[in-house]
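Let me begin by presenting the structure, written as structure tokens, before commenting on it.
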Amino acid sequence: MNDRNNILLKLNILYILYGIFGIVIIGQIIYLQFFYDKELIEKSLKSTRIYTSIEPTRGDIYSYDRKLLATSVAYFEVGIDPNCEAITQKIFNENLDSLAFCLSQLLPNKTKTEWKNDLINARDSGKRYLKFSNKLSYSDFKKMQNFPLLRKGKIKGGFVYQKKYEREMPFGILARRTIGTVASEGRKGVGLEDAFDAELRGKAGYTVKERLPGNIWMPVEDAKYVEPKDGMDLITTIDISLQDVAETSLERQLIKHNAEFGTVVVMEVKTGKVRAIANLKKHPEGYYYEEQNFAIAHAIDPGSTFKLASVIVAFEDGYANPEDLVETGRGFTFFFGKKVKDSGDAAYGTISIARAFEVSSNVGISLIIDKYYRHQPLKYVNGLSRLHLDKPLGVVIRGEAVPVIHKPGQKEWSKLSLTQMAIGYELQITPLQILAFYNAIANNGTLVKPIFVEALSFRGKIVKEFKPEIIDEQICSKKTLEKIKPMLEGVVENGTAKNIKSNQYKIAGKTGTAQIDYGRNKQHGYHSSFVGYFPADDPQYSCIVSIYYPRENGFYGSVVAGPVFKDIADKIYATNPKFHTSSLNATVGKTVPRAFKGNKAETQKVYDWLKIKTNAERIVNTDWILCNKIDSTVTFAPVSFSDITKIPNVINMGAKDAVFLLEQLGLKVIIKGRGKIISQNPAPGTEFRKGDVITLTLEL
């Protein structure tokens with residue numbers, strides 16, 4: 001009996017244990033089914049699938065006449081899932097050789113055998129992704145889409161790809177700093193790319209990616225997809241041909257004078273539109289490159305270009321007139337024991353204020369300001385403030401330096417400050433701020449803000465236009481303007497800038513030669529500058545050239561900076577039709593200019609403007625023409641560039657058309673000289689491979 005009871009007890013305990021175990025299992029199933037399962041799935045999805053942002057296409061940046069300055073070029077990251085479910089071993093083997101061969105032709109960094117081994121190893125090891133290239137161009141991507149196996153797409157052929165974008169500048173370094181870059185990790189954004197980042201960037205979309213073995217992420221074919229919204233395009237005020245002249249001329253002078261850095265800005269007088277802005281600095285290896293926007297961010301003693309402000313203040317306050325005399329003696333004087341002297345061995349004696357300005361007499365200008373403002377220096381400083389020289393311009397590009405003009409009572413002010421400021425020392429002002437001031441004089445006293453952007457557009461339609469902004473309708477009286485303008489012309493006609501005098505048009509402006517770190521017991525260099533406008537009788541453009549630390553072949557502003565101003569002014573005067581309307585009207589009908597080989601539409605545009613008839617309407621199905629001229633008749637003949645395996649003949653074409661044509665073929669172009677193309681290397685008809693370099697030699 002006892003044995004039977006013991007057995008029954010043990011069986012009951014066992015049943016109870018089984019019951020508890022069953023209840024636990026059932027409870028666990030219920031929990032997993034109704035509670036834990038959702039959490040598990042959610043966590044699983046988070047760990048194996050992620051929402052991935054799809055970057056929109058960043059807007060392009062154009063010059064004022066719609067030449068492309070910056071664009072986002074599409075590249076593709078491409079690869080294969082060699083263990084895609086649809087790729088059986090038989091299909092894999094059948095396509096292996098041909099796929100490896102095609103890859104070796106398009107991506108010659110590996111041989112056919114190497115590509116074949118990579119494909120085999122990836123499949124045998126169970127890899128779900130073998131990358132072919134991280135940066136495949138669109139044209140090469142289209143070729144790869146037709147490769148064996150890959151042509152079946154992602155599901156059936158395992159072809160995996162993702163589009164990416166990189167910023168490229170078709171004109172290279174031209175205006176690079178002004179165009180700028182967006183902010184990245186550890187680096188601030190600069191220029192227009194930064195200033196208009198929100199408009200250019202657009203709005204991101206998204207898709208879902210799945211994690212494969214090896215921590216590789218691949219887009220999920222049927223996942224939710226939100227289309228990105230592309231960014232707007234930015235149309236700048238930059239004239240790329242003028243930009244080229246500005247940078248080339250500036251670089252030439254920097255090299256000639258072994259200078260440290262320099263800047264040039266060209267602006268339209270009426271609108272404030274900046275047509276060119278160049279900033280170059282000497283690299284330790286000897287060449288010049290764009291590192292900083294000195295025109296906007298570099299505030300320094302302006303030197304003698306500031307004398308214009310001093311003279312205007314004295315004229316506005318009614319203390320002086322251009323014909324008033326000042327005794328400059330033997331070319332030096334003293335203020336509280338501090339010697340102020342004129343440049344070189346100049347000894348002008350008794351001269352008018354106008355003449356003192358023309359020859360940039362430090363003695364003459366400082367004596368005038370000391371005479372009238374020694375006992376009321378704040379009045380002089382307030383006069384400068386009325387000219388807005390103590391305020392930033394508020395330009396759209398970030399990094400503008402704030403002008404520094406000290407006032408009486410500040411710790412920086414001394415008894416020498418007045419006469420030093422009179423001739424452009426103890427001040428910190430940027431080149432762009434000085435230019436805006438001179439531009440206001442050219443603009444009959446109206447101070448306009450320099451602007452760098454004309455419009456925002458989206459898919460060819462203007463979304464927003466940027467109008468000229470007036471800072472002050474009248475910075476000084478008309479009476480003062482009538483006095484000061486002839487003095488600015490006199491600087492070029494009879495003064496320190498006679499070397500840039502033109503026989504075709506008049507220039508008005510002022511030279512500047514300032515000692516950097518003057519009076520600070522440091523080894524000093526020079527800041528050489530010229531600022532002015534032209535044509536003086538009907539100002540259309542203003543320009544400033546500032547070159548810092550010239551070490552060879554002179555340091556005066558007239559010698560170092562003046563020639564750059566003259567190069568730019570000559571270029572504008574020679575190429576701008578508004579300056580030659582009368583002469584053009586006189587010659588049209590008598591002399592018919594001949595074009596050579598080039599783009600049909602643009603060539604026809606020129607002949608239309610000249611009111612010369614051509615046979616353009618009969619030339620169809622071609623973008624390229626050869627121009628023939630017999631007497632007063634112009635005819636076009638079609639030119640074909642259909643053989644894309646050989647280098648075309650671009651001799652006698654312009655650089656713009658030739659570069660467009662050659663780069664479309666995948667060639668890298670190097671240009672030497674200016675004008676029309678007189679030779680090319682390799683020669684026309686030479687077979688080439690994508691990426692080959694061709695050198696074009698141009699001559700005027």
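The values are calculated or read from the model by the stated rules, or taken from the named source; none is laboratory data. The shown structure was predicted, so the numbers you read here are calculated from the model rather than taken from an experiment. Here the Cβ positions follow ideal geometry from the backbone for every residue, glycine too, while neighbour counts run over all protein chains shown.
Scanning the stretch 469-492 for residues that are among the small types (Gly, Ala, Ser) and either exposed (fewer than 13 other Cβ atoms within 10 Å of the Cβ) or not in a helix (DSSP H, G or I) (or both) gives a single hit, Ser477. Would you check if Ala320 is hydrophobic (A, V, I, L, M, F, W, C), surrounded by 14 or more Cβ atoms within 10 Å (Cβ to Cβ) and assigned to a loop (DSSP other than H, G, I, E, B)? Judged against the criteria, Ala320 is a match. Pairs meeting the criteria (first residue in the stretch 475-504 and among the small types (Gly, Ala, Ser), second residue crowded, with 18+ Cβ neighbours inside 10 Å, beta carbons under 6 Å, at least 6 apart or on different chains) are Gly490/Glu358; Gly495/Glu358; Gly495/Val359; Ala497/Val491; Ala497/Thr511; Ala497/Ser558; Ala497/Gly562. Take the stretch 521-566 and flag every residue that is part of a loop (DSSP other than H, G, I, E, B) and of a type in the set (S, T, N, Q). Hits for the stretch 521-566 are Asn521, Gln523, Gln540, Asn553. Pairs are defined by a Cβ separation below 7 Å, a sequence spacing of at least 6 or placement on different chains, a first member in the stretch 334-353 that is loosely packed, with under 15 Cβ neighbours inside 10 Å, and a second member that is of a type in the set (A, V, I, L, M, F, W, C); the pairs so defined are Phe336/Leu416; Lys338/Leu416; Lys339/Phe332; Thr350/Leu325.
Taken together, the residues in the stretch 415-468 that are surrounded by 23 or more Cβ atoms within 10 Å (Cβ to Cβ), within 20 Å of the chain's Cα centre (by Cα) and part of a loop (DSSP other than H, G, I, E, B) amount to 3. Taken over the stretch 278-304, the criterion of being part of a strand (DSSP E or B) and in contact with a Lys or Arg (Cβ under 7 Å, 6 or more places away or on another chain) is satisfied by Asn279, Tyr288, Tyr289.
Show the residue pairs meeting these rules: Cβ distance below 7 Å; 6+ apart or different chains; first residue within the stretch 87-113 and farther than 17 Å from Val160 by Cβ; second residue in a helix (DSSP H, G or I) and small (Gly, Ala, Ser). Listed by first residue and then by second, the contacts come to Lys110/Ser104; Thr111/Ser104; Lys112/Ala100; Lys112/Ser104.
From the list Ala354, Ala309, Ala320, the one residue that fits, being closer than 16 Å to Ser417 by Cβ and hydrophobic (A, V, I, L, M, F, W, C), is Ala309. Contact map, the stretch 131-144: first residue assigned by TED's automatic domain parsing to the domain that holds Arg167, second residue surrounded by 18 or more Cβ atoms within 10 Å (Cβ to Cβ) and aromatic (Phe, Trp, Tyr), Cβ cut-off under 6 Å, separation 6 or more or different chains; pairs are Lys135/Tyr75; Leu136/Phe76; Phe141/Phe76.
Please indicate, with yes or no, whether at least one residue in the stretch 636-647 is at pLDDT 75 or above, farther than 23 Å from Gly172 by Cβ, touching a Gly at 6+ places or on another chain (Cβ under 9 Å) and surrounded by 12 or more Cβ atoms within 10 Å (Cβ to Cβ). So far as the stretch 636-647 goes, yes, one or more of its residues are at pLDDT 75 or above, farther than 23 Å from Gly172 by Cβ, touching a Gly at 6+ places or on another chain (Cβ under 9 Å) and surrounded by 12 or more Cβ atoms within 10 Å (Cβ to Cβ).
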